[in-house]
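The values are calculated or read from the model by the stated rules, or taken from the named source; none is laboratory data. Source: prediction; values computed, not measured. Neighbour counts are summed over all protein chains in view; Cβ atoms, including those assigned to glycine, are modelled from backbone coordinates with ideal geometry. Ligands, DNA and RNA are stripped out before the accessible areas are found, and what is left, the full protein with its side chains, is counted by its heavy atoms. Shrake-Rupley method; radii C 1.70, N 1.55, O 1.52, S 1.80 Å.
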Amino acid sequence: MSRLSRTDRPYDIVLFGATGFAGTLTAEYLAAHAPAGLRWAVAGRSTEKLERLRERLPGGAEAGLLRADVSDPASLRALAEQARVVATTVGPYVEYGEELVAACADTGADYVDLTGEPEFVDLMYVRHDARARETGARLVHACGFDSVPHDLGVHFTVRQLPEGVPLTVDGFVSADAAFSGGTFASALNQFARPRQLRAAARDRRRHEPRL
């Protein structure tokens, strides 16, 4: 059951964590590039910060404003119920992300994040994939820099090659930038949890159907 055909929710996209570093960049991009008629909203735990953000955005007055907090699951469910798609930049995800995934899976809202935390991705599959399939929610992780250049680069490369031949693709990325606070915290968190990361991967392999 695709959520894309639903029109009974007030927002097409809700951006959660809109006042953080990555959230602000995403909000600015949406404000500049969203197609005409897109119904979108910014969301976070501080109404005051969200209002200041909207004032800075071109056409920001057209964006909705929703208050939600990861420590208040009811507020996350209310957010998910109002959106066709929820995009979140609130990490580290293994600490702060699950309640929003659960809310989206339960209400049928599509979910996207930019996590680079394999443990979180595996845990969310084990705990929420079955419910998401029941409601039609699509849970899509790793929509950020960690993954997109590799995925798009491989996709482009493979399309240039003949079909039906064995191939191996190695990817390399060079960057000249500083970590944001959230990315740095996520990286430290994953390095500190090697046993939990391996356990989550094993658990997923036990639950995920083999092709």
- Query: Using the alpha-carbon centroid of each, what span in Å lies between segment 56-97 and segment 160-211?
  - Reply: 25 Å
- Note the angle between two axes, namely the Cα long axis of helix 98-107 and the longest principal axis of the Cα atoms of the chain, as a number of degrees from 0 to 90, rounded to the nearest 10. 80 degrees
- Query: Most fluctuating residue of Q190, Q160, Q82 in a GNM of the chain with Cα springs under 10 Å: which is it?
  - Reply: Q160
- Report the convex hull volume per residue for segment 57-112, counting only C-alpha atoms, in Å³. 89 Å³
- Item | Accessible area per residue, Å², the chain with all protein chains present, probe 1.4 Å | 60 Å²
- Task: Go through H33, H150 and list them by solvent-accessible area, largest first, probe radius 1.4 Å.
- Result: H33, H150
- Message: Run the helix sum for the chain: -39,500 (n - 2.57) per DSSP H stretch of 4+ residues, divided by residue count, reported at 222 nm to the nearest 500 deg cm²/dmol.
- Response: -15000 deg cm²/dmol
- Item | Degrees separating the helix 194-207 axis from the principal Cα axis of the chain, which is the longest one | 80 degrees
- Work out how much length A185 to S147 would gain on full extension: take 0.36 nm times their residue separation and subtract the Cα-Cα distance, in nm to one decimal. 11.9 nm
- Item | Given charges at Cβ of Lys, Arg, Asp, Glu: segment 26-138 dipole, positive-most of G136, A27, A74 | A27
- Cβ-defined net charge surrounding R202, 13 Å radius [Lys, Arg +1; Asp, Glu -1]: +1
- Message: Restricting to Cα pairs below 8 Å that are 6+ residues apart, what does the relative contact order work out to for segment 1-210? Please round to a whole percent.
- Response: 19 percent
- Query: Given a 1.4 Å probe and every protein chain left where it sits, what share in percent of the accessible area of the chain is carbon and sulfur?
  - Reply: 54 percent
- Please get the size of the charge dipole for segment 1-210, origin at its Cα centre, with Cβ charges of +1 on Lys and Arg and -1 on Asp and Glu, quoted in debye to the nearest 20. 400 debye
- Note on the structure: P(r) over all Cα-Cα pairs of segment 1-210, 5 Å bins from 0 to the longest distance, whole percent per bin, short to long, reads 1, 7, 13, 17, 18, 17, 13, 8, 4, 1, 0, 0
- Task: Using only Cα atoms, figure out Rg for segment 33-126 and give it as a multiple of 2.2 N^0.38 Å.
- Result: 1.11
- Message: Expected output is a single nm value to one decimal: the length gained when fully extending between H155 and V169, i.e. 0.36 nm times separation in residues minus the C-alpha distance. What is it?
- Response: 4.0 nm
